[in-house]
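Report on the following structure.
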Amino acid sequence: MRIADVKVIVTSPGRNFVTVKITTEDGTTGVGDATLNGRELAVSAYLTEHLLPLLIGRDAHRIEDTWQYLYRGAYWRRGPVTMTAIAGVDTALWDIKAKAAGLPLYQLLGGRSRERVLVYGHAQGATIDETVAEVGRFLDRGYRAVRAQSAVPGTQGTYGIGSDGDRYEPASAGLPEETIWSTPEYLDHAPELFAAVREKHGFGFHLMHDMHHRLTPIEAARLGKAAEPYRLFWLEDPTTAEDQSAFRLIRQHTTTPIATGEVFNSIYDCRQLITERLIDYIRTSVTHAGGITHLRRILSLAELYGVRSGSHGATDLSPVCLAAALHVDTAIPNFGIQEYMPHTPATDRVFPHDYRFRDGFLYPGEEPGLGVDIDENAAAEYPYEPAYLPVARLHDGSMHDW
Ligand code: EZ4
Ligand code: CO
């Protein structure tokens with residue numbers, strides 16, 4: 001089954017998405033998500049200028065060989081742009097293979113390990129009271145796990161607080177928004193949020209919180225300790241994750257479980273975190289960690305060390321990524337939880353899919369392949385719009401991690 005055509009489709013139904021669509025000589029098509037928030041066109045150019053010429057005429061069934069060819073063959077390895085581009089191709093090839101087999105993808109990954117995929121929602125509010133009420137709305141809708149974020153007094157544009165109700169969308173049109181961050185205020189505020197949520201809603205659901213890489217290891221350790229009475233499912237991205245050994249210090253001080261890895265693009269980014277058991281959940285995604293082929297390798301390593309999955313599923317990961325993630329989640333033994341932020345109706349229209357949410361769980365589609373497609377006519381109605389993630393500065397004007 002030779003590859004006859006590869007298209008890179010950039011569309012912006014509310015936000016930008018980059019999609020790889022591969023067609024084989026017999027007319028089978030497959031799709032892969034290659035969206036890198038705020039750097040979409042770099043991936044699109046990498047795909048069109050550098051990968052597309054290598055793919056035409058290749059055997060679509062040789063997924064592993066194609067992965068190795070694009071990764072090892074390139075000499076320049078890893079990095080978010082390269083790995084996101086490879087992921088787009090890899091995911092599309094898995095879609096094609098599963099369609100050719102007439103099976104939903106999870107069957108090719110070993111079959112079902114579970115009946116349904118536990119997801120968590122993202123509750124946000126301008127005040128603690130608002131966030132507490134939002135958590136209640138998620139619980140009313142059947143969610144069994146909720147991540148709570150609340151604006152920090154004295155800062156402006158806190159991470160995790162949006163204006164679109166159920167959705168949190170950090171990127172915005174034009175140049176990057178400048179936000180203000182203050183760690184002391186945040187460290188006082190976060191435990192109050194956890195206390196208020198548990199006081200109102202009790203302990204009968206999983207509660208998580210995202211620190212978005214903003215603390216030093218010792219600050220993160222302090223928050224982890226302060227959070228212990230509220231029994232969090234996880235604290236996410238406590239500190240900048242380039243420095244893997246920094247997590248040792250957090251680990252020495254707290255029993256609050258730690259999740260990280262949404263910005264990782266290869267197994268080497270998390271090898272020490274996993275093999276030294278410095279984290280409990282690895283958040284690498286299909287789209288940003290080299291596709292299904294490489295993500296499975298990361299998750300197999302994690303399985304050996306008792307680390308479970310907690311795949312990133314923010315709105316900048318397209319329905320194609322979510323569909324692929326649900327097949328992986330269904331098949332692997334060491335699944336933990338899946339992030340779920342519903343997309344806008346416009347995005348759902350561009351990417352028709354057959355996964356469904358019910359009672360706090362997602363169910364992957366049963367159609368052959370990933371169970372998701374791109375409607376190219378609908379996609380063409382939404383041209384690319386330049387957009388950036390925000391940046392953060394401290395009160396003295398110096399740059400901080402966003
Ligand atoms: O800021 O996906 O857990 N979710 C997150 C996200 C990230 C965006 C960045 O592209 O931290 O909201
Ligand atoms: Co996060």
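Structure notes:
- Whole-number D in µm² s⁻¹ for segment 3-103, Kirkwood Cα-pair radius fed into Stokes-Einstein, 37 °C, 0.692 mPa s: 244
- Kirkwood hydrodynamic radius (C-alpha pairs) into Stokes-Einstein, segment 108-367, 20 °C and 1.002 mPa s, D in µm²/s: 115
- Efficiency of FRET between S245 and Q68 - r from beta-carbon atoms, R0 25 angstrom, step 0.05: 0.25
- The H on the amide N of I258, modeled in the peptide plane, is under 5 Å from the matching H of L235, D280, Y281, each at least 5 residues off or on a different chain.
- Long-range Cα-Cα pairs in segment 299-340 (distance over 17 Å), rounded percent: 29
- When only Cα pairs below 8 angstrom with a gap of at least 6 residues are kept, segment 271-402 shows a relative contact order of 18 percent.
- Shape analysis of segment 237-390 places it in the prolate category; the axes a ≥ b ≥ c from the Cα gyration tensor give an a/c of at least 1.5, with a/b above b/c.
- Compared with the direct C-alpha span, the chain from Q252 to L103 gains 49.1 nm at full extension, assuming 0.36 nm per residue.
- Applying the Karplus relation 6.51 cos²θ - 1.76 cosθ + 1.60 with θ = phi - 60° to segment 109-126 yields 3J(HN,Hα) values of 8, x, x, 5, 9, 8, 7, 8, 10, 5, 10, 10, x, 10, 9, 9, x, 6 Hz, where x marks Gly and Pro.
- For the chain, the mean residue ellipticity at 222 nm estimated from helices alone is -10000 deg cm²/dmol, where every DSSP H run of n ≥ 4 contributes -39500 (n - 2.57) and the total is divided by all residues, rounded to the nearest 500.
- Dipole orientation for segment 1-55: of the candidates L55, T11, T29, T11 has the Cα lying most toward the positive pole (charges on Cβ; Lys, Arg +1; Asp, Glu -1).
- Kirkwood Rh in Å, taken over segment 155-289 so that all alpha-carbon pairs contribute: 16.0
- Net length gained if the chain between S398 and T216 were fully extended (0.36 nm per residue, minus Cα distance): 63.9 nm
- Cross-link reach list, lysines versus K99, counting only Cα pairs under 23 Å and skipping chain neighbours closer than eight places: K7, K21
- Spin-label pair D26-E115: with each label point 7 Å from Cα along the Cα-Cβ axis, the two points sit 3.5 nm from one another.
- Spin-label pair L41/D188, simplified geometry with 7 Å Cα→Cβ offset, distance in nm: 4.4
- Loop GluC sites (Glu not before Pro), segment 329-390, which have at most 12 other Cβ atoms in a 10 Å radius of their Cβ (DSSP): E366
- Each Lys and Arg contributes +1 and each Asp and Glu -1, all at the Cβ; summed about the Cα centre of segment 1-124, the dipole is approximately 320 debye.
- Under 5 Å from the amide H of H61 lies no amide H of any residue 5 or more positions distant or on a separate chain, with H modelled from the backbone and absent for Pro and chain starts.
- The residues of segment 267-402 have, on average, 36 Å² of accessible surface per residue, using a 1.4 Å probe with all protein chains present.
- Mean Cα-pair separation over length for segment 108-367, i.e. relative contact order, pairs under 8 Å, 6 or more apart, %: 21
- Reported to the nearest whole Å, the Cα centre-to-centre distance from segment 43-83 to segment 314-359 is 24.
- If you take the alpha carbon atoms of segment 83-225 and fit the smallest convex hull around them, that volume is 187 Å³ per residue.
- Over segment 170-246: Kirkwood hydrodynamic radius from C-alpha pairwise inverse distances, Å: 13.9
- If only the Cβ of Lys and Arg carry +1 and only the Cβ of Asp and Glu carry -1, the dipole of segment 153-267 around its Cα centre is close to 560 debye.
- The stretch between N377 and E199 holds 59.2 nm of extra length on full extension. This uses 0.36 nm per residue minus the Cα-Cα distance.
- Antiparallel DSSP beta bridges within segment 108-367, percent to nearest 5: 25
- Using heavy atoms of the protein chains and a probe of 1.4 Å, the accessible area assigned to M399 is about 110 Å².
- Expressed as a whole percent, the accessible surface of the chain that belongs to carbon and sulfur atoms is 50, based on a 1.4 Å probe.
- A DSSP coil position with no more than 14 other Cβ atoms inside 10 Å describes none of the trypsin sites (Lys or Arg not before Pro) in segment 339-374.
The values are calculated or read from the model by the stated rules, or taken from the named source; none is laboratory data. Note that the coordinates shown come from a computational prediction; the quantities given were computed from them, not determined experimentally. So basically every Cβ, Gly included, is an ideal-geometry build from the backbone, and we count neighbours across all protein chains shown. Heavy atoms of the whole protein, side chains included, go into the accessibility calculation; ligands, DNA and RNA do not. Shrake-Rupley method; radii C 1.70, N 1.55, O 1.52, S 1.80 Å.
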